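For reference, the structure discussed in these notes is given below.
We did not get these values from a lab; they are worked out from the coordinates using the rules stated. Everything numeric here is computed off the predicted structure, so don't read it as measured data. With ideal geometry, Cβ positions are generated from the backbone for all residues, glycine too; neighbour counts draw on all protein chains shown.
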Amino acid sequence: MFKQFTENINANQAYLLFSLGIFFVFFIVVAIMLIRIRKSHVDHMSDLPLHDSDTETPQSLQL
Amino acid sequence: MQPENFYYDNKIVRNFGIATVIWGIIGMTVGLIIAIQLYHPGANMGNQYTTYGRIRPLHTNAVIFAFVGNAIFMGVYYSLQRLLKARMFSDVLSRIHFWGWQLIILSAVITLPLGLTTSHEYAELEWPIDIAITVIWVVFGWNMFGTIFKRRERHLYVAIWFYIATFITIAVLHVVNSFELPVSAFKSYMVYAGVQDALVQWWYGHNAVAFFLTTPYLGMMYYFLPKMANRPVYSYKLSILHFWALIFIYIWAGPHHLLYTTLPGWAQSLGVAFSIMLIAPSWGGMINGLLTLRGAWDKVRDDVILKFMVVALTAYGMATFEGPMLSLKQVNSIAHFSDWIIAHVHVGALGWNGFLTFAMLYWLIPRIYKTELFSKKLASFHFWIGTLGILFYAIPMYWAGFTQSLMLKEFTAEGMLKYPNFLESTLQILPMHMMRSAGGAMYLLGVIVMAYNLTRTALQGKLVANEAAQAMPLAPVHTIARESAWHRRLERKPIQMLIAALLVILVGTFVELMPTLTISSNIPTIAAVKPYTPLELQGRDLYIREGCVNCHSQTVRPFRSETERYGEYSKAGEFVYDHPFLWGSKRTGPDLAREGQKYGNAWHYNHLMDPRLMSPGSIMPEYSWLLTQTLDTSLTVAKINAMRTLGVPYAPGYEKVANAELDKQAKAIAANLGADHIKVKSDKEVIAIIAYLQRLGTDIKANKTANK
């Protein structure tokens, strides 16, 4: 079933190889970024939506 | 440092919420009307302004840009303020954004039924409205970035990156796909032609799904789902990977809409490869959402909002698994142009976008009105009727798609097409189309019940237009320790985030678009292909006005089942003067790429007057107004000039004789019709559209004869 893909490459391998290269580099960079993130920061970030709520607002401030 | 007191703007959230519900009901009602027209053509009420070809784009634009669009702004304006601990940057900009967007939608409601369209799918609106969209989109971005700059939370939560990527990518897509040369106030020609136009359009079309229907909704999922389930997202690291992988890969996948067309083979293959890779980030996001509910599944049993979210995520998972499968050439050869694709997009639209929107509305409205939901029972009813509606919609459409495609591909033992008449396959699937409209009606009923429920909720509460909040101001940047992790730094630099997202989407865009747009050898020209005559050009514009492209494709794929049925498969060089391309994406009727000279002029005349005269049982609408309306030739000169500017080789000064040529050709067709006892004046619109239909695909036929 992959015959169609390999047959279509012809003289345009450069585009495909460039795409593969970009793809590869991109994911390595993202992986390094992920590895370098600290646990404490991750916890802080994932808590952000939970600590923005209106319940924290003092009643005296309500309009 | 003292905490600062400020107020969240809930009124703008409420306004976008109201617009979401109203436009949702309108858009879905139009959808139901056109669904009924597909088995009962008389449902167009005999009126050109309510006929399928013209209001199908109204349906798609209304649900995408009006229903989903307003829901995006509702969700973004609610979550952005809270995630950044700041009021929206400017109330004036918020209001301009809101009313500007509604006016754009209103202009679509007026212009599309009038037949004012570019014919680019999901980008049908004509050039003045395109400019208005650009302005309002900039207002939205200005307001969003203004808010980001005055925030009280240093790091940007993952939802906001999705919003930023949405803003910048939609801007790029919209601008590149709107390069049009105006001919008059509401008529323009696309700058690109043929295969290039097709490539740009489907790069746009595919990524409009990605960055309008997907990324903003993922951002809202990452904000609202943790709120609804009251627990943090399953994996924040996975959400980072999800974000970068999704925006990087999505942009490459557009060519899977053009498999087996004349698009260069390498571009098709690249599109397929990236489409398959797209499963990974899509499912990563879905799994991240579903696992956020870990330990909270007992809540799903009681909480209708979570039920909506679970179905939304499941629909997202199904649609994003199916998408890559559909991009496999073998699967695509069956699914493309069929009702299968209609099922696929509606699983996404009704399930993912619709249900996530409903969950947000049920969650938001009681909160900003400081009250409880009016009726949980009605919400539960909405959930079940909506879910059943999706099933009744999707299953018959899958069935219809398979049935019709397989019928059209079937050969007899003698090697002849088993169903040489396309209409046979249409009649076979009419029951499925009836069931589909029942499914759609159920879904719409649910939305109407929701509208009632939310209205009662609002009436029993009181809108907290300005909601008080308190937060510490941001400390100056020099006081914080240098952050070693790249991504942590990126998370507090919105402009760098914007540029990074832009670069990521531009890589794929350039690799895919540039070679086909700039290297002329990618589009081999054919000497026999000549520009359209003035009458044919006018006929083509009528074809565009009536939205024929919504049901008839104009590209024959290189399959024996298609070359037997339609004729020689299409070549890239045949479309070099087609501004815009009219390949279409759905065959509700047969392909027309080789329609020219297949039937006589009288056949076309009678067929347009009443399709059932020539094809008993046909579901095509009657185009009786073409027989009575006079062709507007006042723009012929401007059209010829515009085409010449775009590179169509009309001889210098040709525009001066164009209308005389047009008259001559029209008189010949009228005389030919007269010989068949059809009395018609040569200045009627039907003459122009017959001229165009008779031209379709004949350049190559002429070439063949010449070579013999």
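Worth a mention:
- The tail of the calculated P(r) for segment B:319-381 beyond 12 Å holds 74 percent of all Cα-Cα pairs.
- A Förster distance of 51 Å, applied to the separation of the beta-carbon atoms of B:ASP632 and A:ILE35, puts the FRET efficiency at 0.20.
- If you take all other residues with their beta carbon under 14 Å from the beta carbon of B:MET220, and give Lys and Arg +1 and Asp and Glu -1, the sum is +2.
- Label sites at B:ASN5 and B:LYS681, each approximated as a point 7 angstrom past Cα along Cα to Cβ, lie 7.5 nm apart.
- Under the combined filter of DSSP loop state and at most 14 neighbouring Cβ atoms within 10 Å, segment B:243-331 retains these trypsin sites (Lys or Arg not before Pro): B:ARG294.
- Neighbourhood charge, 12 Å Cβ-Cβ cut-off, centred on B:TYR362 and excluding it, Lys, Arg +1 and Asp, Glu -1: +1
- Between B:LEU613 and B:ILE287, the simple spin-label model (points 7 angstrom out along Cα→Cβ) gives 6.2 nm.
- Take the Cα of B:ALA296, step 7 Å toward its Cβ, do the same at B:VAL135, and the gap between the two points is 4.2 nm.
- Largest first, the extents of the alpha carbon coordinates of chain B on the three principal axes equal 90, 51, 48 Å.
- Per principal axis, descending, Cα span of segment B:583-629 in whole Å: 29, 24, 23
- Considered as an equivalent ellipsoid built on the Cα gyration tensor, the protein assembly as shown has semi-axes of 47, 28, 25 Å, the largest given first.
- The Cβ shell under 15 Å around B:THR403 holds other residues with a net charge of +1, Lys and Arg each +1, Asp and Glu each -1.
- Residue list for segment B:445-464, given a label point 7 angstrom along the Cα-to-Cβ vector of B:GLU372 and an amide N cut-off under 14 Å: B:457, B:460-461
- Principal axis box of segment B:534-707, alpha-carbon based, largest edge first, Å: 45, 37, 31
- Peptide B:501-509 is shielded by partner chain Cβ atoms: per residue, an average of 1 of them sit within 10 Å of its Cβ.
- Evaluated over segment B:286-430, the Cα radius of gyration and Dmax, each in Å: 20.1, 73
- Each of B:GLU126, B:GLU655 was scored by other Cβ atoms within 10 Å of its Cβ. Listed from fewest to most, they are B:GLU655, B:GLU126.
- Euclidean distance of C-alpha centroids, segment B:424-470 and segment B:317-382, integer Å: 12 Å
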